[in-house]
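Right, one structure below, let's go through it.
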Amino acid sequence: MVNLLLSVLSGALLSCAFEPVGKWYLAPLALAAHMYALNRTDKKALSILAFAVTFNALLLHWTSIYVGSMPWLILTFGLSLLYLPLMLIKRWGIAAYPLLFVIAEEIRNRFPFGGFGWGRVAYSQSDAPYSKIAMYGGAIALSATTALVALVIFLLGQKRFQPLVLLPLSLLLIPSSISEISQTNVLMIQGNVPQYGLDFNSRATQVFFNHVRETDKALAVNENIDFILWPENAVDVDPFNNKTVSTELNKYDVPLLIGAIVDNNGATLNTSILWRNSGHELYAKQHLTPFGEYIPLRSLASKISPLVDQVDDFSAGNQSKVFKIGKAMVAPVICYELIDDSILENAAKSSNILAVQTNSATFGRSAESAQQLSISRVRAIEHSRNILSVSTTGYSAIINYKGDIVQKTSLGTAEHIYASVGLIDSKSVRDRLGDWAMIFTLMWLLLVSRRAYVLRR
């Protein structure tokens with residue numbers, strides 16, 4: 001019973017490493033505590049599930065706010081089952097915990113329905129002294145480092161210490177060669193919405209005119225603007241089919257990068273549009289949000305929650321896009337795409353600045369917005385890119401390539417941010433390595449696990 005309670009406590013502690021608590025050091029402590037509980041119990045499956053269910057239930061409670069408790073519970077238990085690879089420590093020993101934990105994360109990041117990597121431990125570590133490791137090995141390396149620190153804490157508790165476990169931390173001693181080649185002046189608009197929930201944009205054009213008003217207000221006091229950035233769904237009707245909307249957009253002499261829902265020959269697209277009076281360019285969201293922008297297994301899902309009938313299926317885009325605005329090569333990343341490794345890699349490699357456009361109105365004033373901002377901070381470090389993160393309701397922020405928040409709005413207000421933001425054309429080591437970053441990370445974890453296994457024998 002004590003080990004079971006410790007597993008529950010470690011899961012709760014891990015959730016507190018994430019926002020809204022946001023204490024990064026609780027992550028390695030939580031994983032070390034779970035290692036201790038798992039090492040002492042014969043009921044390892046029960047210990048793993050107690051840990052995982054507690055963690056996911058607390059971390060993802062915001063998913064229940066407007067869609068009901070049943071989808072939240074299904075998501076919690078479904079994700080928790082994917083932690084069961086940790087069962088292999090019965091054969092491989094506790095030193096295999098970091099390897100197995102990271103493998104479980106990567107499975108969740110890809111499966112099912114394209115994956116749900118929201119709870120990746122790396123996303124709680126933007127303030128950790130070793131967060132820079134993401135620049136070399138990506139988010140997977142940051143998760144692995146956190147798990148390895150936890151292993152060292154566990155070994156210290158056992159009066160054992162293996163300093164070579166943390167050898168990758170020597171990468172932190174390498175001086176950063178990142179430099180900003182130029183700057184762009186951007187005006188970011190957070191217009192707010194009339195109400196939270198699934199029907200946040202049910203009143204046609206109201207969200208749009210909220211952003212128009214805030215833009216006009218901002219333009220009255222800011223000059224020398226290279227482009228204006230609006231969030232996902234800021235244009236809540238198709239601007240190509242609504243003359244009132246297109247007329248309002250055309251009144252601006254400055255290029256606008258807007259989030260809009262577009263009807264393309266019967267296919268509904270969630271898009272980022274570079275709107276100029278001289279012409280338009282469009283990017284369609286590639287990684288759609290399951291159960292938010294399309295319903296997998298719709299007939300079954302409708303029996304679980306009648307709210308699924310309020311969700312129409314969107315169509316996915318099939319290619320990345322970079323918008324050239326002066327010296328800025330802006331790669332749009334739309335909301336949920338933030339947790340897709342391949343989309344972020346492609347965006348970073350082809351751009352010198354990232355624009356994350358999101359709409360968090362569905363989840364109100366919950367922890368979702370703060371958690372998403374933390375993910376953006378890790379992505380900024382990982383890809384050595386300054387990030388413009390703009391939301392309909394907040395938080396909107398400018399994040400530098402070190403993962404620091406330079407400017408930030410409040411939640412649930414109409415605000416704007418004006419700033420000169422650096423453009424970076426050099427690639428991070430992680431982006432130069434590509435998939436090899438993951439391979440090298442897993443190889444090191446395997447080496448740690450294998451060496452310990454051989455010594456045990």
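Can you give me the number of residues within the stretch 223-239 that are of a type in the set (A, V, I, L, M, F, W, C) and without any contact (Cβ under 8 Å) to a residue 40 or more places away in the chain?
2
Can you name the condition, by its number, that E19 falls short on among (1) closer than 26 Å to A95 by Cβ; (2) in a loop (DSSP other than H, G, I, E, B)?
(1)
Scan the stretch 166-184 and give yes if some residue there is surrounded by fewer than 16 Cβ atoms within 10 Å (Cβ to Cβ), without any contact (Cβ under 8 Å) to a residue 24 or more places away in the chain, touching a helix residue (DSSP H, G or I) at 6+ places or on another chain (Cβ under 7 Å) and not in a strand (DSSP E or B), otherwise no.
The answer is yes, given that some residue of the stretch 166-184 is surrounded by fewer than 16 Cβ atoms within 10 Å (Cβ to Cβ), without any contact (Cβ under 8 Å) to a residue 24 or more places away in the chain, touching a helix residue (DSSP H, G or I) at 6+ places or on another chain (Cβ under 7 Å) and not in a strand (DSSP E or B).
Give the number of residues within the stretch 67-84 that are under 19 Å from D341 (Cβ atoms) and either part of a helix (DSSP H, G or I) or touching a Leu at 6+ places or on another chain (Cβ under 8 Å) (or both). Before the answer, list the steps.
So in the stretch 67-84, the residues under 19 Å from D341 (Cβ atoms) come out as 79, 82.
Now drop any that are not either part of a helix (DSSP H, G or I) or touching a Leu at 6+ places or on another chain (Cβ under 8 Å) (or both), which leaves 79.
Of the residues in the stretch 67-84, 1 are under 19 Å from D341 (Cβ atoms) and either part of a helix (DSSP H, G or I) or touching a Leu at 6+ places or on another chain (Cβ under 8 Å) (or both).
Looking at the stretch 50-92, which of the residues that are modelled with pLDDT under 90 and among the small types (G, A, S) is farthest from S143 (Cα to Cα)?
G68
A quick yes/no check of all residues on (1) over 28 Å from G326 (Cβ atoms); (2) hydrophobic (A, V, I, L, M, F, W, C):
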site: I381; (1), (2): no, yes
site: N386; (1), (2): no, no
site: V390; (1), (2): no, yes
site: I398; (1), (2): no, yes
site: Y401; (1), (2): no, no
site: K408; (1), (2): no, no
site: S420; (1), (2): no, no
site: D435; (1), (2): yes, no
site: S449; (1), (2): yes, no
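Search the stretch 318-344 for residues being surrounded by fewer than 19 Cβ atoms within 10 Å (Cβ to Cβ) and farther than 23 Å from P255 by Cβ, and hand back the single one that is nearest to the chain's Cα centre (by Cα).
S342
State whether the residues of the stretch 96-111 include one that is polar (S, T, N, Q) and not in a helix (DSSP H, G or I).
yes
Return the pairs, sorted by first residue and then second, in which the second residue is surrounded by fewer than 18 Cβ atoms within 10 Å (Cβ to Cβ) and at pLDDT 85 or above, the first residue lies in the stretch 265-293 and is under 19 Å from F116 (Cα atoms) and outside the structural domain of F240 (by TED's automatic domain parsing), the beta carbons are less than 9 Å apart, and the residues are 6+ apart or on different chains.
none
Quick grid of which residues meet (1) touching a Phe, Trp or Tyr at 6+ places or on another chain (Cβ under 9 Å); (2) modelled with pLDDT under 95:
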position	(1), (2)
S170	no, yes
N192	no, yes
A218	yes, no
N233	yes, yes
K243	no, yes
D253	no, yes
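For the stretch 353-375, how many residues meet the condition of being in contact with a Leu (Cβ under 7 Å, 6 or more places away or on another chain) and either among the β-branched types (V, I, T) or not assigned by TED's automatic domain parsing to the domain that holds F323 (or both)?
Residues flagged as in contact with a Leu (Cβ under 7 Å, 6 or more places away or on another chain) and either among the β-branched types (V, I, T) or not assigned by TED's automatic domain parsing to the domain that holds F323 (or both) within the stretch 353-375 amount to 4.
So T205 clears everything in (1) at pLDDT 85 or above; (2) surrounded by fewer than 20 Cβ atoms within 10 Å (Cβ to Cβ); (3) under 29 Å from I261 (Cβ atoms) except one condition, right? Which one?
For T205, the failing item is (1).
State yes or no: is D238 part of a loop (DSSP other than H, G, I, E, B), modelled with pLDDT of 90 or more and in contact with an Asp or Glu (Cβ under 6 Å, 6 or more places away or on another chain)?
Working: part of a loop (DSSP other than H, G, I, E, B): yes; modelled with pLDDT of 90 or more: yes; in contact with an Asp or Glu (Cβ under 6 Å, 6 or more places away or on another chain): yes.
Here the answer is yes, as D238 does meet what is asked.
Which residues, taken from the stretch 279-315, are surrounded by fewer than 18 Cβ atoms within 10 Å (Cβ to Cβ), in a loop (DSSP other than H, G, I, E, B) and modelled with pLDDT of 85 or more?
Answer for the stretch 279-315, where residues must be surrounded by fewer than 18 Cβ atoms within 10 Å (Cβ to Cβ), in a loop (DSSP other than H, G, I, E, B) and modelled with pLDDT of 85 or more: there is none.
Given Q357, Q372, which one is part of a helix (DSSP H, G or I) and buried (at least 22 other Cβ atoms within 10 Å of the Cβ)? Explain how you work it out, then say what you get.
Details: Q357 fails: part of a helix (DSSP H, G or I).
After applying the criteria, what remains is Q372.
The values are calculated or read from the model by the stated rules, or taken from the named source; none is laboratory data. Note that this is a predicted model, so its numbers are computed, not measured. All Cβ positions, even for glycine, are placed from backbone atoms using ideal geometry, and neighbour counts span all protein chains on display.
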